[in-house]
1. Residue A:282 to residue A:180: FRET efficiency via 1/(1 + (r/R0)^6), r the Cβ-Cβ distance, R0 51 Å, to the nearest 0.05?
2. When you count, for each residue, the other Cβ atoms within 10 Å and take the mean per peptide, how do B:380-393, B:471-484, B:90-103 rank with the highest first?
3. Would you tally the net charge around residue A:135, using a Cβ to Cβ cut-off of less than 12 Å, leaving residue A:135 out, and scoring K and R as +1, D and E as -1?
4. Can you give the extra length, in nm with one decimal, that the chain gains between residue B:135 and residue B:437 once fully stretched, where that is 0.36 nm per residue apart less the Cα-Cα distance?
5. So for each of A:266-273, B:234-241, B:313-320, A:84-91 I average, over its residues, the number of other beta carbons within 10 Å; can you give me the resulting order with the highest mean first?
6. Just how many % of Cα pairs in chain B lie over 46 Å apart, if you round to the nearest whole percent?
7. Under 10 Å from the Cβ of residue A:109, count the other residues' Cβ atoms, weight Lys and Arg +1, Asp and Glu -1, and hand me the total.
8. So if the hydrodynamic radius of region A:77-149 is defined as the Kirkwood radius over C-alpha pairs, what does Stokes-Einstein give as its diffusion coefficient at 4 °C and 1.567 mPa s, in µm² per second?
Amino acid sequence: MTAIPLGVPRRLVEFTLDGQEARVPEGSTILDACRAAGKDVPTLCEGDTLTPKNACRVCVVDVEGARTLAPACSRKAEPGMVVRTDTERARHSRKVVLELLASSVDLSTTPSVAQWIKEYEAKPDRFGPDAARVDEEPRVDNDLYVRDYGKCILCYKCVDACGDQWQNSFAISVSGRGFDARISVEHDGPLTDSACVYCGNCIEVCPTGALSFKSEFDMRAAGTWDEERQTETTTVCAYCGVGCNLTLHVQDNEIVKVTSPHDNPVTHGNLCIKGRFGYQHVQNRD
Amino acid sequence: MDLRFGDSKPTDEERAAVDALLGPPESSWEGADRSDADLRWARGGREARDRRDQLLPALHALNDRVGWISEGALDYVCRRLTVPPAEAYGVATFYAMFSVRPRPATVLHVCTDLACTAAGSGELCAAVEARLGPESGVKVERSPCLGLCERAPATLTIRAGHPARPALEGEAVQAEGGGPGAAAAGDGNGKGRRGRKALHATAVCAPATPDRAVTAATAPESAPTEPAPEAAVPQSGDPTLTLLSRIGTVDPTSLDDYRAHGGYTALRRAFALGPAAVIREVTDAGLVGRGGAAFPTGRKWQATAAQPDHPHYLVCNADESEPGTFKDRVLMEGDPYALVEAMTIAAYATGAHRGYLYLRGEYPRALARLTHAIEQARTRGLLGDDVLGQGYAFDIEIRRGAGAYICGEETALFNSIEGHRGEPRSKPPFPVEKGLFGKPTVENNVETLVNVLPILTMGAEAYAAIGTPTSTGPKLFCVSGSVARPGVYELPFGATLGELLTLAGVRDNLRAVLLGGAAGGFVRPDELDIPLTFEGTREAGTTLGSGVVMAFDDTVPLPRLLLRIAEFFRDESCGQCVPCRVGTVRQEEALHRIADRTGAAAADDIALLREVGRAMRDASICGLGQTAWNAVESAIDRLGAYE
Ligand SMILES: Cc1cc2nc3c(=O)[nH]c(=O)nc-3n(C[C@H](O)[C@H](O)[C@H](O)COP(=O)(O)O)c2cc1C
Ligand code: SF4
Ligand code: SF4
Ligand code: SF4
Ligand code: FES
Ligand code: FES
């Protein structure tokens, strides 16, 4: 007899989403429900492979009876909840959060943000030319990847990916506090002195480009980075028997970076140093 | 988890400081150099992971002994506790009292917060800096409120060095009044066991003059004693007092004297009633939390007691870092056994066998008094395996904060105790369900807990008859600023703001009163008939908060005050969420821009402040970001600042 794992049946939670009945499996977040209903709620710190830290607050929604807005990415749907995603109050907070972020860090390499800024009519300039910014020089201390904290929104995704959610290397953490809080390795030293194993899983999850391949960083600096001209090919890593999926990003016949599909049930987008960075041998033509 | 450590080694002094706390390492896996033989044994390392909560005490141990935390020292702590160095670095840099850069052994914290600024701490700071100069070996640091507002301006000296002989700690407390006092944890003649003078010492100086502050900074071990706690209680001796009744009449270092003054009758009654009935009494008494959030205590206790998950924990929130608040300090310094007894009752009622007293790091005398009280209670069977011979086990551990207002937020406090950054957790789940170490936890403010004693001794009904129907019992108020007799006042709920200020001797030319602290709101001098109750202040569109009443006369420049409030929140934001991390900065910038402007010239920035403030209130994770704009908003709307 073959046992077919059916999984524990999950009860459905019924609640009201923007005036309509919504039914989601118990444990789902409001964001899950929004996505299932085809609603567009902006998110930055939420990541498909990580437990959200709900720190960016760009996904806030209005829950009837609550004193404050709720982060859709983390708040679980409860029976009878009445949620509105598009109230003036929620839109106002999202707009201000986008303004606060865009006025303090460089979001030029953060996908979708420009479009949200337009949609919510955010005006990051209105805090004036003297508004404090995280103006940090990019840290280029190794040949594999670059840390440019002037682009960091402190979403904690890299910390979680490096720590107990995936890599278990615990090489990065948040140091300092308030506006001076920064992602950093131990003693704020160079990456090469840290516990980093260069799996690059932090780059994989970074939503802003604050962590990027050295190859990408150099090409951007030279003005030659052009995603329009890139192709993506997913293949299998040939280094060891695990068989991780690699997505090779190729521009002008050169591999310019390597990512990994997040929906792969084995790796969830994580790789090791060889799969992530060891691609030069493929293109050694001498 | 494979941890990687750098090559930096601790000095002997640093190693000794950590070993004095954690004990000598059992195996080389616990931080010493690894030997070949030991490489095969990883057991110790894994065991140490459960001691992550020793991280903050270990950082304190280094800071107390050496004055700062070096790479080698931090790595040594990490090896001993199996904590990743990056995380420990994140923790060490979170707290204002720690430094990861070399600094002099002596740090003089000069309070520049609201009451102290109004009392001239700016000039004090400049004078002290000029007098001490760079050669003095003293680092002067501007500090947020030190919780000494009734004696503004205030300073606190902390000198790192070899700690006092532990056995002397109790004696030091008892010797107080004559000698250097409990605040100087060193022994009187300044000589340590090894005959060295470099003893760890602290000295509180308030009210401070440049002279006295410089003396305290250069010779903290022989600084003059602080005034007794009852000096902060202008009503001292008044027979109608309930919460403050023992302060000034009881010897805070004597358990016998505490018992002679009615101590431990409440605990006996609690044992006679049983846990469920104690919770019923507290519920029927209508006790509401005094920490600021005004949550019904009985409900919190009931919810915790009912949790099937065990163990349950009790946490006493003695972080008291809200500017303008000092009532918990006075209670702990003047009547420490009362808190020990009250915690025992709360634990008994909610099924906890372990209690943590999270005490703000800037309260040396409260630390000495409570340490002594807990030890005495333990010796006499009032804490430990068999409290009062009733077969109930309960003990209390003190944890020192290290300079972070946010750690007063209940979930940030859990993270701090557990050895993580003091960042608030998102709720739900609530602490009664998943609190400290992920277990059901009841967390209460010091004053809340101390109220449990009269509830049990006088009975719920008599207690509930004090105050108003919805705000029952006595309430402590911390009055400071432009008044003749600043201090802690006890009044039944329902007295008006004016009555309180009259008691405290309000001066002429009152310009504004800050109610509820930096997270509260300003009211006008013509609003003094506001009843001091939760419902009364709510109706008046303001809040009672933690019971702060700061009076400002018209010599105090309002815009400077508002700037200080904005600066406070910018400094104290944990940085986790965007509305608070960046919003507090944008608010401070806007207030700077309009510092000298009014009317139309300020209108744009005020509109900006309102928009940012609204998003902070709606979208921040915790109460800090949610309330950071309250006081400034109230100053604009109620006082017409910038008009
Ligand atoms: C930023 C912030 C700081 C706080 N600081 C304190 C504090 O210093 N002491 C305190 O008792 N409660 C403080 N609280 C309130 C606590 O989170 C919590 O509500 C309280 O300790 C619960 O005890 P109670 O029910 O007895 O009032 C603070 C809250 C916030 C949001
Ligand atoms: S570096 Fe990237 S992933 Fe890490 S916190 Fe910053 S934005 Fe997030
Ligand atoms: S990425 Fe690393 S683990 Fe995965 S197959 Fe390649 S070499 Fe193996
Ligand atoms: S509101 Fe402020 S203090 Fe609270 S979690 Fe957010 S950043 Fe931290
Ligand atoms: S995406 Fe929900 S708070 Fe960031
Ligand atoms: S001690 Fe200085 S303001 Fe409170």
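Computed from the coordinates by the stated procedures, all read-outs in this text should not be read as laboratory data. Everything numeric here is computed off the predicted structure, so don't read it as measured data. With ideal geometry, Cβ positions are generated from the backbone for all residues, glycine too; neighbour counts draw on all protein chains shown.
1. Values: r = 42 Å, r/R0 = 0.83.
Once rounded, the FRET efficiency stands at 0.75.
2. B:471-484, B:90-103, B:380-393
3. On the way: positive: A:133, A:151; negative: A:106, A:136, A:137, A:148.
Neighbour charge sum, excluding residue A:135 itself: -2.
4. Values: separation 302, 0.36 × 302 = 108.72 nm, distance 4.57 nm.
Taking residue B:135 through residue B:437 to full extension adds about 104.2 nm, to one decimal.
5. On the way: A:266-273: 18.8, B:234-241: 14.5, B:313-320: 27.8, A:84-91: 16.2.
Ranking, from highest mean packing down: B:313-320, A:266-273, A:84-91, B:234-241.
6. Values: 28112 of 206403 pairs.
The share of Cα pairs beyond 46 Å in chain B comes to 14 percent.
7. Working: positive: A:151, A:220; negative: A:106, A:148, A:216.
Local net charge: -1.
8. Values: Rh = 14.8 Å.
The diffusion coefficient I find is 87 µm²/s.
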